[in-house]
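S.K.: Below are the structure tokens for one structure; questions will follow.
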């Protein structure tokens, strides 16, 4: 068979894989590409078919590993105000139990603390969000 025939078969299998996404047609596409390379290297038709079969079977054997990698689940992450808890911020005014402001992720937030007061230009950590107010504590030095 001609190399372009194998490439056409690989292309059709790739399109079918995009429609199906079961990784079976991808294995046949890989096999057809290997058969095409075998043809370019001067192999006869029997060797091309053997190359197709071997490459397809080997890529099918890798299917569980590839499937596990592609379809892995990402750990859940916090969104919205929950994502702000634990973030570092900078106080932009003195913070006490009644008033204060911080710069948090480029935004100015109203803030307060539950213990004492925090001086201006002090690094703080967001403990929780209470409505639209960030509850903060002084950031511990590490």
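The values are calculated or read from the model by the stated rules, or taken from the named source; none is laboratory data. Fair warning: this is a prediction, and the values are worked out from it, not measured in the lab. Neighbour counts run over all protein chains shown; Cβ positions are idealised from the backbone, glycine included.
S.K.: Would you confirm, using the coordinates I've provided, whether residue 108 is part of a strand (DSSP E or B) and over 17 Å from residue 137 (Cβ atoms)?
M.R.: yes
S.K.: Pick from the stretch 22-51 the residues that are within 18 Å of residue 12 (Cα to Cα) and outside any helix (DSSP H, G or I): which of them is modelled with the highest pLDDT?
M.R.: 23
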